[in-house]
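In what follows, a single structure is set out as structure tokens and then discussed.
The values are calculated or read from the model by the stated rules, or taken from the named source; none is laboratory data. These numbers come from a predicted model, not from an experiment. A quick note on method: Cβ atoms are made from the backbone with ideal geometry, for glycine too, and the neighbour counts reach across all protein chains shown. Quick note on the areas: whole protein, heavy atoms, side chains included, nothing else; ligands and nucleic acids left out. Shrake-Rupley method; radii C 1.70, N 1.55, O 1.52, S 1.80 Å.
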Amino acid sequence: MNSIHADTLPEWLAGIEQLHPKNIEMGLERVHVVKERLGIRFDCPVITVGGTNGKGSTCAMMQAIWQKAGHRVGLYSSPHIHDFEERVRIDGQTVPEKTIVHTFKKVEAARGDIPLTFFEFTTLTIMQILAEASLDVVILEVGLGGRLDAVNLIDSQVAVVTNVDIDHVDFLGHTRELIGYEKAGIFRQGKMAVYGDYDPPHSLVAYADEIGADLRVLGRDYHSICQGDHWSYIGEALQFDNLDPPKLHGKNQVKNATNALMVLEAMQDILPFDEKVVRAGLSQVCLPGRFQVLQKEPLVVLDAAHNPHAAVVLADNLRSMGEFHATYAVFGAMSDKDIEGVIAPMKDAVDFWYLTGLPLSRAATTEMLKEKLIAAGVRPDRILLFETAADALDTAKINARKNDRIIAFGSFWIVTGVTRTVHSDSSTS
């Protein structure tokens, strides 16, 4: 079994990537052994957030509101956009590189000859960092599924499944019922479970009943009502009226905020908050790559939508923006995704497709994407091919007029690619 000998964060990350022959291996046995060796324990409440889409936004909103209330919050989310340090935040700030490297060494020493995937190794590292940080609450975002995800090593006070749709079918199953069962695996006996959409899979509800979880469902146990440009949260005991929309763009963000407030309400005896901090937190929450407006004239929007459910939401958000002369799409995707399912809801929202490769071996080629677009009815003369997302975006900006818009979507790697230059300029200034 190879061991890692490294000093810098990039060296460690490169070494961790080589530890296991697979990028993903479902199961908790190996990672549980290492967790016990490390003695990872949390002395504060833990909130676990899973679901097909909306996990990152829901986590960011809880973090923002609790911080405004004066609570010390730790957050683990993935993937990162530019730097690995983005995956772990304490009070909204990234953890220093030296702290991550120091904890990598602890995990390496504890694992012995146990092979860990990149996600498992880094998840244990971040859990260890958060467990040692004297926090009031920890928020853990599930990576994939739930039942067999490394995050599920931890028993949470409240477990949230934002929604369930088709994604990662090779690991989770080809139906909402199969996927719902996997995601419900983060629920715990006697603890609150939250399902943040209006149509929970029967398998998820049945699992919650079977283990005795205290399930809350959006639209049944708590609600949101949109009234013009404002909205109201109606919980079990709390109600907040005339709220401004969250700072995160997109109509779906009110639903994510509603789910976040249900968790906050459930935890209010331990982590008190009030309406003032709700308004302040939602007005300042920030999360890159989720219907993020990068510039205006022409309008440039970034969205990591990479599955059919997210593409439907994205298309709906684009329609709600009003009239534009033309829409250019910078689009790339992984070959194992339901690319046809992503194209279908976006096809009528886009006039010109600028296709790009992504820097991973499992990425779909631009020729593959072009074939699928043509099969969906897109005219070949409306499709251009590029090597990188940055090249595609630069050309779109040249060709677009002031009253046009550009949407870059299909993968987190698209967001990374089109913002790399901007990020490099800001990080060196």
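The convex hull built on the alpha-carbon positions of segment 286-340 has an orientation-averaged projected area of 4.5 nm².
Report the net charge of residues surrounding L373, where surrounding means a beta-carbon distance below 10 angstrom and charges are Lys +1, Arg +1, Asp -1, Glu -1. Before the final figure, lay out each step's value.
Working: positive: K347, K370, K372, R379, R382; negative: E340, E371.
Charge balance in the 10 Å sphere: +3.
Applying the Karplus relation 6.51 cos²θ - 1.76 cosθ + 1.60 with θ = phi - 60° to segment 256-268 yields 3J(HN,Hα) values of 4, 5, 4, 5, 4, 5, 5, 5, 4, 4, 5, 9, 5 Hz, where x marks Gly and Pro. Computing Rg and the Kirkwood Rh from the Cα coordinates of segment 1-135 gives a ratio, Rg/Rh, of 0.95.
What percent antiparallel are the DSSP beta bridges of segment 129-277, to the nearest 5? Kindly include the intermediate steps, with their values, before the conclusion.
Numbers: 8 of 17 bridges.
Percentage antiparallel, nearest 5: 45.
Taking GluC sites (Glu not before Pro) across segment 103-205, the ones in a DSSP loop with at most 16 further Cβ atoms lying within 10 angstrom of their Cβ are E132.
Available extension along the chain between E387 and L178 is 71.6 nm, counting 0.36 nm per residue and deducting the alpha carbon span.
Within a straight-line Cα-Cα reach of under 12 Å, K55 can be paired with the following aspartates and glutamates, leaving aside sequence neighbours fewer than 8 residues apart in one chain: E141. Computed from point charges on the beta carbon alone (+1 for Lys and Arg, -1 for Asp and Glu), the dipole magnitude for segment 233-358 about its Cα centre is near 260 Debye. For K370, the lysines whose Cα falls under 24 Å of its own Cα, not counting residues fewer than eight places away in the same chain, are K337, K347, K397. Solvent exposure of segment 217-332, expressed per residue, is 43 Å² of accessible area, with all protein chains present and a 1.4 angstrom probe.
Rounded to whole numbers, the Karplus 3J(HN,Hα) couplings from phi for segment 299-309 are 5, 10, 10, 10, 8, 7, 3, 9, 9, x, 4 Hz, using 6.51 cos²θ - 1.76 cosθ + 1.60 with θ = phi - 60°, and x at Gly and Pro.
Distance between the modelled labels on D229 and S320, one decimal in nanometres: 1.5 nm (7 Å Cα→Cβ projection). Counting only aspartates and glutamates at least 8 places from K98 when in the same chain, those with an alpha carbon closer than 16 Å to its own are D7, E11, D83, E85, E86, E108, E132.
Averaging the sequence gap over all C-alpha pairs within less than 8 Å and six or more residues apart, then dividing by the number of residues, gives segment 245-317 a relative contact order of 34 percent.
Working from label points 7 Å from Cα in the Cα-to-Cβ sense, the H5 to E86 distance is 3.4 nm. Across segment 120-180, the convex hull enclosing all Cα atoms gives 87 Å³ per residue.
Loop-located trypsin sites (Lys or Arg not before Pro) in segment 259-309 (DSSP state not H, G, I, E or B) with no more than 14 neighbouring Cβ atoms inside 10 Å: K296. In the calculated pair distance distribution of the chain, what percentage of Cα-Cα distances lie above 36 Å? Counting every Cα pair in the chain, those more than 36 Å apart make up 26 percent. DSSP bridge analysis restricted to the chain gives an antiparallel fraction near 30%, rounded to the nearest 5.
Within segment 300-429, all pairs of alpha-carbon atoms sorted by distance into 10 Å bins from zero give the percentages 13, 48, 32, 6, 0. Mean separation of Cα pairs under 8 Å and 6 or more residues apart, divided by the residue count, gives the chain a relative contact order of 15 percent. Legend: residues D197, D43, sorted from most to least accessible area (1.4 Å probe; ligands, DNA and RNA excluded), read D43, D197. Compactness ratio for segment 213-263: Cα radius of gyration over 2.2 N^0.38 Å (N = residue count) comes to 1.10.
Shape index of segment 184-241: Rg/Rh, with Rg the Cα radius of gyration and Rh the Kirkwood radius from the inverse mean 1/r over Cα pairs, equals 1.07. If you bin all the Cα-Cα distances of segment 51-199 at 10 Å, starting from zero, the percentages per bin are 11, 38, 36, 14, 1. Reported value for segment 334-384: 68 Å³ per residue, from the convex hull of its C-alpha atoms.
Computed from backbone phi with θ = phi - 60° and the Karplus coefficients 6.51, -1.76 and 1.60, the 3J(HN,Hα) list for segment 206-222 is 5, 5, 4, 5, 4, 8, x, 6, 9, 7, 10, 10, 4, x, 10, 10, 8 Hz; x is used for glycine and proline.
If you add up the charges near V205, with Lys and Arg at +1 and Asp and Glu at -1, over every other residue whose beta carbon is less than 11 angstrom from its beta carbon, what do you get?
Numbers: positive: R220; negative: E177, D199, D209, E210.
It works out to a net charge of -3.
Shown here: segment 219-353, whose C-alpha atoms stretch 51, 35, 23 Å along the first, second and third principal axes, sorted largest to smallest.
What share of the DSSP beta bridges in segment 56-215 is antiparallel, in percent to the nearest 5? Intermediate values should be presented prior to the final figure.
On the way: 5 of 15 bridges.
The antiparallel fraction comes to roughly 35 percent.
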